[in-house]
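First the structure, in the form of C-alpha cells, and then the observations on it.
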Amino acid sequence: MAVTQKYGKKHGPDLVCHKENPPYDKTGAAGCHKKWPDHGTNWSRPVARTWTAVLLLGTCLLYCARVAMPICAVSMAEKFGWSKRESGMVLGSFFWGYCFTQVLGGYVSDRVGGEKILLLSAAAWGSMTAFTPVLAHFCSQPIFSMTLSRFLMGLLQGVHYPSLASLCSQKVVESERGFLMSTVGSGSYLGTLVIGGAGSLMLDLYGWESVFYVSGLLSVLWAYCMWKYLLKGEGPIITLESLGSSGPQSKLSRRHWLRLFKQPAVCAVIVTHLCTASTFFTLLSWLPTFFKDTFPDAKGWVFNVIPWLVAIPSSLLSGCLSDHLISKGFDTASVRKLMQFFSMGVSSVFTLLLCGNLTFPWAVAFVSATMGLTTFSHSGVSVNVQDLAPSCAGALFGVMNTCGAFSGVLMVYFSGYLIEATGSWASVFALISTVNLLGLCTFLAFAEARRVDIDSIKIRHVHI
C-alpha cells in the first residue's frame, strides 16, 4: 500500500492507505499494518441511506424494548404486590447496567465493526425482552428476576450508541455524518411515541405480557433482517485475533489514549456530553410530574406526546442543516458549535420561561421548544467525537455516555431533593439552564474538528 498524507480545509493530517498497487497488499508500507480493516471503507450514498433507515428502525425498537417496563410497571406492581420502592428498584437497575458496557461496546466496535456489535446486542436484548414475562411468572421471587432482567437489559443496550458512533466514523464521510446521526437519534423519540401509544393499547386489551412479547420479537426480527439482507448472511464472528489486531487505527488508539485525554477538545466533548445527558435525563424524568402537579386537570397524552412529535422533525432538521452548511464550505468546528448553541443555549431560554406563571398551552409550547432544540446536539457534540478521533470514536463515545449516564442519575436525584427542599419547580429549571450553559461555554471555548487521534510527527515520518 502506498501511504500518503491528506490535508483538508478543515482537518489536520490524516493517514490514508490506497489499494491501487496490489504488490504491496501483503507486506504493506513501513509503519502500516499487514491488513487494513475492511470496515474502514466509506459507504456509497445509496448504501448509506439504506443503513440510515435500518438503523433508525433499530433505534426505534431499542426504545420500544427499553420503555416497555416503565409502561407496564404499574400493572406489574399490582400483579406482584410491589411497593413504590421496589418498583423504583426494578426501573433504576437498567441504568446501572447501562453504564458498564458503554466503553467496552465502543472498544470492540472500533476493532471488529459496529454493525457486528449492533447485530449481536439486538438479538440478545430482543430475546431478553420477549422472555421477561416468562421470567416474571416462573420465578419464585419476581422482584429479583425483574431487577436482574432490567440490569442485563442495560448491559446489552449499553453498547448500542457507542457502536453507532464507531460505525458512523468508519463508514460515513464527514459531510453526511450529521444527517445519519440526527436521523438515527430521532428513532429514540419515535420509539417512545410508538410504545407509548401502541403499548398502552396492548396493555389494556391483552395484558402487560403482550407489550414485552411484541417489542422483543420485533427486535429479534429486525436483527435477523439486518443479518440476512445487509450483512448478506455473514456470521458476526468475533475472535480474539480480530480484537487484538485490527489495523493501524487500533494500535494508534492503544498507544495514545493518555495523550488523547490530554487534548482540550476531547475533554470539551466529554464535559459537554455529560451536561447534555444530565439535563435531558432530568427533563425526561420530571416533566410528567411537573405537568401533573402544576396542571392536575390536563390530559396526559397532550404533554406526553406533543414534545416528542416536535423532537422528531427537529432532529432531522438539525442533521440536514449541519450537512448543508459543511457541504457549502463552512468550517466544520463552527457548524458543530452552532448546532450545540441551539441545543444548549437557545433551549435554556425556553427552560427558564417555564419558571413563570404559565397557562397549560404555553407550558406545552415551551417544553416542546426545549425538547426540539435539545435534539440539535445530535449534529453537535455527538458527531464531534467522530471528527476528533474516528479511529476510536466508539470507545470514546462510550466514555462520554458512561459519564453522562452516571451524572444523569445523580442530577435526577438532586432535582428531587430541590423540589422537596424549595417546593418550587423554578429551582429545577434554573439548575438545568445553569448546567446547559456550563457545557455550552466549555464547548464553544475548546471544541475543534481536526483529528487528534493520530500523531502528526509519526505520520510525517511514515510519509518520508
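The values are calculated or read from the model by the stated rules, or taken from the named source; none is laboratory data. Predicted, not measured: the structure shown is a model, and the values here were computed from it. Quick reminder, even Gly has a Cβ in these numbers, built from the backbone with ideal geometry, and neighbours come from all protein chains shown. Surface areas here come from the heavy atoms of the whole protein model, side chains and all, with no ligands, DNA or RNA. Shrake-Rupley method; radii C 1.70, N 1.55, O 1.52, S 1.80 Å.
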| If you check GLY88, GLY126, GLY97, which single one turns out to be modelled with pLDDT under 85 and of a type outside the set (Lys, Arg)? | GLY88
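Condition check ((1) open to solvent by less than 10 Å² (accessible area, probe 1.4 Å); (2) out of contact with any helix residue (DSSP H, G or I) (no Cβ under 6 Å at 6 or more places or on another chain)) across all residues:
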site: VAL134; (1), (2): no, yes
site: PHE138; (1), (2): no, yes
site: PRO142; (1), (2): no, no
site: GLY154; (1), (2): yes, no
site: LEU167; (1), (2): yes, no
site: VAL173; (1), (2): no, yes
| Given the structure, is LEU410 among the aliphatic types (A, V, I, L, M), open to solvent by 50 Å² or more (accessible area, probe 1.4 Å), part of a helix (DSSP H, G or I) and assigned by the TED database to the domain that holds PHE281? | yes
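The rows are residues; the columns are (1) more than 23 Å from SER318 (Cβ to Cβ); (2) at pLDDT 90 or above; (3) not charged (D, E, K, R).
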| site | (1), (2), (3) |
| --- | --- |
| MET371 | no, yes, yes |
| THR374 | no, yes, yes |
| SER382 | no, yes, yes |
| VAL385 | no, yes, yes |
| SER391 | yes, no, yes |
| GLY404 | no, no, yes |
| THR422 | yes, no, yes |
| ILE432 | no, yes, yes |
| ILE459 | yes, no, yes |
| Test for PHE366: is it open to solvent by 10 Å² or more (accessible area, probe 1.4 Å), more than 22 Å from LYS337 (Cα to Cα), in contact with a Ser or Thr (Cβ under 8 Å, 6 or more places away or on another chain) and part of a helix (DSSP H, G or I) | yes
| query | Does LEU418 count as in contact with a Leu (Cβ under 8 Å, 6 or more places away or on another chain), aliphatic (A, V, I, L, M) and open to solvent by 10 Å² or more (accessible area, probe 1.4 Å)? | reply | yes
| remark: Counted residues in the range 288-312 being without any contact (Cβ under 8 Å) to a residue 24 or more places away in the chain and either among the charged types (D, E, K, R) or within 16 Å of GLY187 (Cβ to Cβ) (or both) come to 3
| field | Given (1) more than 18 Å from VAL367 (Cα to Cα); (2) modelled with pLDDT of 90 or more; (3) of a type outside the set (Phe, Trp, Tyr), index of the condition ASP453 fails | value | (2)
| remark: Across (1) modelled with pLDDT of 90 or more; (2) surrounded by 14 or more Cβ atoms within 10 Å (Cβ to Cβ); (3) within 22 Å of the chain's Cα centre (by Cα), LEU287 clears everything bar (1)
| Residues within the range 290-308 that are open to solvent by less than 20 Å² (accessible area, probe 1.4 Å) and closer than 24 Å to GLY404 by Cα, tallied | 2
| note | Considering the range 415-455, residues that are of a type in the set (Asp, Glu) and under 22 Å from the mean Cα position of the chain (by Cα), and then whichever is farthest from LEU283 (Cα to Cα), we arrive at ASP453
| said: Condition check: in contact (Cβ under 8 Å) with a residue 60 or more places away in the chain, of a type in the set (Val, Ile, Thr), assigned to a helix (DSSP H, G or I) and buried (at least 23 other Cβ atoms within 10 Å of the Cβ). Does VAL67 satisfy that? | reply: no
| said: Quick check on LEU258: is it without any contact (Cβ under 8 Å) to a residue 12 or more places away in the chain, more than 30 Å from TYR413 (Cβ to Cβ), assigned to a helix (DSSP H, G or I) and open to solvent by 40 Å² or more (accessible area, probe 1.4 Å)? | reply: yes
| Would a scan of the range 139-151 turn up a residue that is modelled with pLDDT under 90 and touching a Ser or Thr at 6+ places or on another chain (Cβ under 9 Å)? | yes
